[in-house]
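Notes to accompany the following structure.
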Amino acid sequence: MAKKSLDDDDITLWKKVAETVTPIAREDFIIPEPLVSSSPVKPAISPKVKPAQPQAARPQVKKIQPSLLPADLDQKGYGGISRAAAKSMKSGQSGYTKKIDLHGSNLADAHRKLKSFVLSAAAEGHRHILVITGKGTANKGVIRTNLPIWLNEAPLSAHVIAYCQAQIKDGGAGAWYVNLRRRG
């Protein structure tokens, strides 16, 4: 897929969105391990962009306790599920009841689709879902890389218990099993 360069409208829109962002306090958020890359990372925003000015009346963001954040079963512990459930999930035996395919979408569209999908799946009572991201070049696709970050952000973190890479039969490195909390 060819990369699209940003036009003036895209850059203006990005600046407006960036001005509305409130950083999450470091002690209230688990930061995923950085990916090791052999190529240098280019900054996403030009150094000419002015930092956002603080606004007087920002809405209060509900803080999520780190212990309630979703567990990456490929990295640590079992989160809010039993060891047997984690083993079943990682082996692909728990079975998913709903899936979404995000590969081929741009980053913003994929994020929007994922939010909508997870929230509707949770509202419908699904417990196990499959999210197909695609692998990207050298298993470093942007959607694949951002999925764990998105699952750890509100509002998705309130619905997700745990996640892990899918088995080959379900997409392997290009897909993820996601375990949702019970409704109630």
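Okay, here's what the table says:
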| read-out | value |
| --- | --- |
| Filtered residues of the stretch 137-146 (kept if at pLDDT 90 or above and either crowded, with 22+ Cβ neighbours inside 10 Å or farther than 21 Å from K90 by Cβ (or both)) | V142, I143, R144, N146 |
| Subset of the stretch 74-104 [closer than 13 Å to W150 by Cβ and assigned to a loop (DSSP other than H, G, I, E, B)] | L102 |
| Output for the stretch 158-170, where each listed residue is buried (at least 17 other Cβ atoms within 10 Å of the Cβ) and closer than 19 Å to R183 by Cα | H159, V160, I161, A162, Y163 |
| Filter pass, K115 being closer than 15 Å to N152 by Cα, modelled with pLDDT of 95 or more, of a type in the set (K, R) and not in a loop (DSSP other than H, G, I, E, B) | yes |
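The values are calculated or read from the model by the stated rules, or taken from the named source; none is laboratory data. Owing to the predicted nature of the structure, the values given are computational and were not obtained by experimental measurement. No Cβ is skipped: glycine too gets one built from the backbone with ideal geometry, and neighbour counts run over all protein chains shown.
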